[in-house]
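The values are calculated or read from the model by the stated rules, or taken from the named source; none is laboratory data. If you're wondering where the values come from, they're calculated on a predicted model, not measured in any experiment. We place every Cβ from the backbone using ideal geometry, glycine too, and count neighbours over all the protein chains shown. Ligands, DNA and RNA are stripped out before the accessible areas are found, and what is left, the full protein with its side chains, is counted by its heavy atoms. Shrake-Rupley method; radii C 1.70, N 1.55, O 1.52, S 1.80 Å.
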Amino acid sequence: MRIITGKARGTKLNTLSGEATRPTAERTKEAVFSMLQNEIAGTRVLDLFAGSGQLGLEALSRGAEYAVFNDSSREATAIIRANVEKTHFTDACEVLCTDWQAALRRLAGRERFELSFLDPPYAGGFLPKVLAKLLEWDLLAEGGIIVCESADEGDVFGGNEELKNQFNIRRVARYGAACVTVLEKGGEEK
């Protein structure tokens with residue numbers, strides 16, 4: 001796994017061994033960043049279920065201003081910190097080690113993100129809960145982009161129409177085992 005382009009292009013990233021995390025595949029990452037390429041510069045980024053931190057670090061390499069990484073695993077956050085050092089983005093990062101709810105609670109009132117990556121464990125049903133909390137705690141900038149990764153092309157809103165109406169669905173695409181849904185905070189059709 002490596003940084004594709006930008007300031008840290010070609011930097012090989014550390015990953016956790018074993019099955020504890022599921023890193024986003026290179027093909028999926030390339031497709032996501034191809035979709036977002038003109039919308040990254042100057043953004044504040046949230047990588048909530050960060051694993052190795054590769055998505056947030058790729059955004060920083062492509063010109064994002066600042067990134068917050070969170071993972072509940074101490075081993076994962078140690079890997080993220082090592083990758084932050086390797087890519088020389090120490091001054092542009094904050095790394096948290098806590099559950100997703102505590103991380104969002106901690107960020108509420110002090111951060112609003114233009115770009116968020118949500119790649120939780122597939123079996124947990126986390127996406128609707130996380131999206132609701134991002135709205136409730138006002139953590140998304142108006143027009144903020146959220147990239148959700150899930151196992152299937154199911155409803156990232158868990159059937160909650162009220163929640164769905166708060167977002168525009170920009171794109172849904174399958175890349176191997178992963179389904180990527182790109183949302184935009186807003187709720188009005190474009």
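With contacts defined as alpha carbon pairs under 8 Å and 6 or more residues apart, what's the relative contact order of segment 1-122 in percent?
Here the relative contact order equals 28 percent.
Gaussian network model of the chain, Cα springs within a sub-10 Å range: biggest mean-square fluctuation belongs to which of Gly143, Gly51, Gly109?
Gly109
GNM on the chain, C-alpha springs below 10 Å: top fluctuator among Asn165, Asn38, Asn70?
Result: Asn38 has the largest fluctuation of those listed.
Could you give me the radius of gyration and the Dmax of segment 38-101, taking only the C-alpha atoms into account and expressing both in angstrom?
Values for segment 38-101 (Cα only, Rg and Dmax): 10.7, 33 Å.
Give the lysines whose C-alpha is closer than 22 Å to that of Lys86, dropping any in the same chain fewer than 8 places away, or say none.
Within the straight-line cut-off, Lys86 pairs with Lys7, Lys12, Lys29.
Could you list the square roots of 5 times each eigenvalue of the Cα gyration tensor of segment 1-142, that is, the equivalent ellipsoid semi-axes, sorted largest first and rounded to whole Å?
21, 18, 15
Got a number for carbon plus sulfur as a percent of segment 26-129's accessible area, 1.4 Å probe?
47 percent
Find which of Leu57, Val32, His88 sits farthest along the positive direction of the dipole of the chain, computed with +1 on the beta-carbon of Lys and Arg, -1 on that of Asp and Glu, about the Cα centre.
His88
Would you compute, from DSSP H runs of 4+ residues alone, the mean residue ellipticity of the chain at 222 nm, taking -39500 (n - 2.57) per run and dividing by the full residue count, rounded to the nearest 500?
-8500 deg cm²/dmol
Can you tell which of Ala78, Ala64, Ala25 shows the greatest fluctuation in a Gaussian network model of the chain with Cα springs below 10 Å?
The residue that fluctuates most here is Ala25.
Answer with one residue from Gln101, Ala76, Ile145: the one whose Cα lies farthest towards the positive end of the charge dipole of the chain, charges on Cβ with Lys, Arg +1 and Asp, Glu -1.
Ala76
So what are segment 86-176's ellipsoid semi-axes, whole angstrom, largest first, if each one is the square root of 5 times an eigenvalue of the alpha-carbon gyration tensor?
The three semi-axes for segment 86-176 are 23, 17, 14 Å.
Might you tell me the accessible area per residue for the chain, computed with a 1.4 Å probe and given in Å²?
On a per-residue basis, the chain sits at 47 Å².
Only four residue types carry charge here, +1 at the Cβ of Lys and Arg and -1 at the Cβ of Asp and Glu. Report the dipole size of the chain about the Cα centre in Debye, rounded to the nearest 20.
Roughly 560 debye for the chain.
What do you reckon, how do Arg110, Arg9, Arg174, Arg105 stack up by accessible area (1.4 Å probe), largest on top?
Reading off the accessible areas and sorting them downward yields Arg9, Arg105, Arg110, Arg174.
What aspartates and glutamates could a cross-link reach from Lys164, if we take a straight Cα to Cα line under 20 Å and drop same-chain neighbours fewer than 8 places away?
Glu114, Asp119, Glu136, Asp138, Glu142, Glu149, Asp152, Glu153, Asp155, Glu184, Glu188, Glu189
To the nearest 10 degrees, how steep is helix 126-136 against the longest Cα principal axis of the chain, on a 0 to 90 scale?
Orientation of helix 126-136: about 80 degrees from the principal axis.
Starting from the exponent 0.38 and prefactor 2.2 Å, build the expected Rg for segment 1-85 from its residue count and divide its actual Cα Rg by it.
Taking the Cα Rg and dividing by 2.2 N^0.38 Å, one obtains 1.01.
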